[in-house]
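To keep things clear, I will list the structure first and then write my remarks on it.
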Amino acid sequence: MMVTKVITISEKLCCFLFFIIIVNEIKCNDNLRVAYEWKQIEFQYRNAIDRDNTIHNKNNVIPVGLEVYKSRLFITLPRWREGVPASLAYLDLNDENSKSPNLIPFPSWQSHNLLDEAPEIVSPFRIRADKCGRLWVLDTRIENILGDAKRYGNTQLLVYDLHNDFLLRRYVFPDSQVKSDSFFANIAVEDGDCDNTFAYAGDLGAPGLVVYSWKHQSSWRVHHHFFHPDPLSGNFTINGINFQWGDGLFGLAISKQQPDGFANLYFHPFSSTMEFSVSTKILRNKTYAESSENYDDFKILGSRGPNGESGASFLDQLTGVLFYSLPNLNAVACWKTSNRAYTIKSQGRIYMSSTDMLFPNDVKVDDQDHIWVLSDRLHEYMYGKLDPNNVNFRILTAHVEDAIENTACDIKTKPLPDLINKLGDILNPKPTPSSASNKLRSSSLLLMFVILNFFINMNFLYRQNCEL
């Protein structure tokens with residue numbers, strides 16, 4: 001009887017262990033799905049005559065930035081080469097007739113007319129929609145930057161009312177804040193107060209940060225060593241194409257308002273594997289922000305590790321998760337800002353693909369807590385040639401909770417399966433007074449803890465697959 005009992009319990013243990021391994025295997029979800037894709041960008045024209053009269057070189061049009069507000073998804077298409085008829089457009093998210101829709105110029109075709117004495121929109125790189133229903137457009141005002149470049153003036157901020165698409169404000173950066181090598185490539189907006197909003201524009205060419213006050217309609221430039229590229233970083237190899245960039249400040253992400261009434265700005269140079277942060281309390285104080293006394297107020301968070309150069313970033317204020325692109329790895333990754341450690345192990349991989357994620361160029365989270373990622377093969381556009389027969393541009397999306405599930409950024413508490421809680425009942429039949437039975441019960445309890453420890457370790461190992 002005792003031998004039979006031991007065999008029965010052993011069989012239960014084996015079955016239980018096998019079930020745990022099969023059912024609870026955790027792998028990276030890569031839950032993003034392709035929502036839109038294009039081989040080449042087409043526009044929606046008013047009529048056939050306009051189409052025929054418009055200079056449109058499809059080979060030269062590339063999307064680089066995106067934003068989502070309500071039912072519209074906005075896309076920037078900077079005029080880096082000739083033949084780009086409109087450099088800011090949108091698509092209707094409610095229109096499900098095509099996965100490759102024609103884009104509608106924003107706010108109108110006329111706004112993109114470069115023959116005007118002072119063109120409204122020239123060549124925006126990044127945009128941001130705030131909670132107040134305003135679209136902030138960072139326009140470099142440089143045409144054909146990859147050829148015979150033409151500058152229409154200093155970089156400007158255009159702010160539109162998304163309720164009616166009217167231009168609310170146009171602010172041109174002063175000469176003192178624009179350097180000969182300046183190229184403003186990204187913008188973050190602190191919109192805790194609609195009447196006292198601040199915009200932060202990153203200069204990657206002449207590393208610096210321009211802070212703009214909506215209330216006072218003025219700006220100032222901030223300098224810091226952390227804005228500069230790392231000379232040991234900036235070597236990129238993507239899909240067999242190797243190139244070197246020495247880009248400074250690029251990634252900008254704003255946290256939600258902190259107890260002191262200010263936010264944290266998370267930032268990094270493009271040619272760097274490091275992440276940094278600073279309170280906007282420092283940046284919004286013009287006098288202190290412009291002084292050299294603020295050096296220690298900028299904090300080093302940590303490194304993303306080898307090939308961890310990062311471009312665009314965005315912080316989801318609902319979950320506190322920071323998302324960022326990793327072009328060298330064809331990936332998008334994340335880090336929970338509530339985590340004190342910024343290490344490779346504390347960062348999670350959201351999505352990785354050598355097909356769908358070739359050069360992730362922008363990432364945003366909308367007000368419904370969906371993450372959106374744009375990949376555009378920028379390396380091929382700049383150093384090779386895009387094949388019009390292939391899908392070159394993709395926009396991927398997922399709900400944030402689904403995107404970060406089973407990664408180091410997961411915000412859900414994962415209790416042990418009910419089967420673990422019932423393990424005692426499986427292994428321990430009703431006690432009998434016999435000494436042999438008590439010994440068997442002790443052995444079973446020991447085995448139970450061994451299996452529990454095994455499950456926890458397996459769970460950890462599988463989760464490691466989702467780290468960088």
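(1) touching a Phe, Trp or Tyr at 6+ places or on another chain (Cβ under 7 Å); (2) within 16 Å of Ala333 (Cβ to Cβ): which one isn't true of Trp372, the others all being true?
Condition not satisfied by Trp372: (1).
Output the number of the condition that Asn164 fails; it satisfies all remaining conditions of (1) polar (S, T, N, Q); (2) surrounded by 15 or more Cβ atoms within 10 Å (Cβ to Cβ); (3) farther than 17 Å from Gly83 by Cα.
With (1) polar (S, T, N, Q); (2) surrounded by 15 or more Cβ atoms within 10 Å (Cβ to Cβ); (3) farther than 17 Å from Gly83 by Cα applied to Asn164, the lone miss is (2).
Scan segment 357-378 and give yes if some residue there is touching a Ser or Thr at 6+ places or on another chain (Cβ under 9 Å), basic (Lys, Arg) and either at pLDDT 95 or above or crowded, with 21+ Cβ neighbours inside 10 Å (or both), otherwise no.
No, segment 357-378 has no match at all.
If I filter segment 348-375 down to residues being hydrophobic (A, V, I, L, M, F, W, C) and in a strand (DSSP E or B), which single residue comes out as nearest to Ser313 (Cα to Cα)?
The extreme case among them is Val363.
Does any residue of segment 120-138 turn out to be among the charged types (D, E, K, R) and either free of Cβ contacts under 8 Å to residues at least 24 places away in the same chain or touching a Lys or Arg at 6+ places or on another chain (Cβ under 6 Å) (or both)?
No: segment 120-138 contains no residue that is among the charged types (D, E, K, R) and either free of Cβ contacts under 8 Å to residues at least 24 places away in the same chain or touching a Lys or Arg at 6+ places or on another chain (Cβ under 6 Å) (or both).
Would you please name the residue that is farthest from Tyr266 (Cα to Cα), looking only at residues in segment 327-343 that are surrounded by fewer than 24 Cβ atoms within 10 Å (Cβ to Cβ) and among the hydrophobic types (A, V, I, L, M, F, W, C)?
Within segment 327-343, the match that is farthest from Tyr266 (Cα to Cα) is Leu329.
Go through segment 296-347 and give me each residue that's among the polar types (S, T, N, Q) and not in a loop (DSSP other than H, G, I, E, B).
Residues satisfying the conditions are Ser303, Ser313, Ser325, Asn328, Gln347.
Just to check your reading of the model, which residue among Ser108, Ser98, Ser71 is surrounded by 13 or more Cβ atoms within 10 Å (Cβ to Cβ) and of a type in the set (Ser, Thr, Tyr)?
Ser108
Among the listed residues Ile41, Ile127, Ile121, identify the single one that is touching an Asp or Glu at 6+ places or on another chain (Cβ under 8 Å), at negative phi, part of a loop (DSSP other than H, G, I, E, B) and modelled with pLDDT of 95 or more.
One residue alone meets the criteria, Ile121.
Only residues in segment 83-95 that are at positive phi count as the first member; pair them with residues that are in a loop (DSSP other than H, G, I, E, B), Cβ under 8 angstrom, at least 6 apart or cross-chain, and list the lot.
Qualifying pairs under 8 Å: Gly83/Ile55; Gly83/His56; Gly83/Asn57; Gly83/Val61.
If only one of Arg46, Arg51 is at pLDDT below 95, assigned to a helix (DSSP H, G or I) and of a type in the set (Lys, Arg), which one is it?
One residue alone meets the criteria, Arg51.
Just to verify a result, which residue in segment 331-383, among those that are polar (S, T, N, Q) and within 15 Å of Arg33 (Cα to Cα), is nearest to the chain's Cα centre (by Cα)?
The extreme case among them is Ser375.
Being under 28 Å from the mean Cα position of the chain (by Cα), part of a loop (DSSP other than H, G, I, E, B) and of a type outside the set (Lys, Arg) is the filter; apply it to segment 134-156 and report the residue that is surrounded by the fewest Cβ atoms within 10 Å (Cβ to Cβ).
Leu146
Quick check: is even one residue across segment 173-187 in a strand (DSSP E or B), over 15 Å from Gln156 (Cα atoms) and among the aliphatic types (A, V, I, L, M)?
no
Taking Lys131 and the conditions (1) surrounded by 15 or more Cβ atoms within 10 Å (Cβ to Cβ); (2) more than 15 Å from Ser213 (Cα to Cα), which numbered condition does it fall short on, given that it satisfies the others?
(1)
For residues that are of a type outside the set (Gly, Ala, Ser), within 30 Å of Thr343 (Cα to Cα), touching a residue at least 60 places away in the same chain (Cβ under 8 Å) and part of a loop (DSSP other than H, G, I, E, B), tally how many sit in segment 378-412.
Going through segment 378-412 one residue at a time, the tally reaches 6.
Against the condition in contact with a Phe, Trp or Tyr (Cβ under 9 Å, 6 or more places away or on another chain) and of a type outside the set (Asp, Glu), how does Ser354 come out, does it pass?
Here the answer is no, as Ser354 does not meet what is asked.
I want to confirm something. Restricting to segment 167-204 and keeping residues that are surrounded by fewer than 13 Cβ atoms within 10 Å (Cβ to Cβ) and of a type in the set (D, E, K, R), which single residue is farthest from Val222 (Cα to Cα)?
Out of the qualifying residues, it is Asp195.
Hey, can you tell me all the residues within segment 106-133 that are under 25 Å from the mean Cα position of the chain (by Cα) and among the aromatic types (Phe, Trp, Tyr)?
Phe106, Phe125
If you go through segment 234-255 one residue at a time, do you hit one that is part of a loop (DSSP other than H, G, I, E, B), under 15 Å from Leu322 (Cα atoms) and within 21 Å of the chain's Cα centre (by Cα)?
Taking every residue of segment 234-255 in turn, at least one turns out to be part of a loop (DSSP other than H, G, I, E, B), under 15 Å from Leu322 (Cα atoms) and within 21 Å of the chain's Cα centre (by Cα).
Starting from residues that are part of a strand (DSSP E or B) and among the small types (Gly, Ala, Ser), keep the ones in segment 57-105 and report whichever is farthest from the chain's Cα centre (by Cα).
Ala89
Restricting the first residue to segment 328-345 and requiring it to be under 25 Å from Leu374 (Cα atoms), which pairs with a second residue that is surrounded by fewer than 16 Cβ atoms within 10 Å (Cβ to Cβ) and among the aliphatic types (A, V, I, L, M) meet a Cβ separation below 8 Å and a spacing of at least six or different chains?
Lys336/Ile411
Is at least one residue of segment 29-36 within 16 Å of Ser375 (Cα to Cα), modelled with pLDDT of 95 or more and buried (at least 20 other Cβ atoms within 10 Å of the Cβ)?
Scanning segment 29-36 turns up at least one residue that is within 16 Å of Ser375 (Cα to Cα), modelled with pLDDT of 95 or more and buried (at least 20 other Cβ atoms within 10 Å of the Cβ).
Quick one: what pairs do we get from segment 143-170, first residue in the same structural domain as Val84 (by TED's automatic domain parsing) and small (Gly, Ala, Ser), second at pLDDT below 95 and assigned to a strand (DSSP E or B), C-beta under 6 Å, 6+ apart or different chains?
That search, which allows pairs on different chains as well, returns nothing.
The values are calculated or read from the model by the stated rules, or taken from the named source; none is laboratory data. Everything numeric in this text was worked out from a predicted model, so none of it was measured. As a convention, Cβ positions derive from the backbone with ideal geometry for all residues, glycine included, and neighbour counts pool all protein chains shown.
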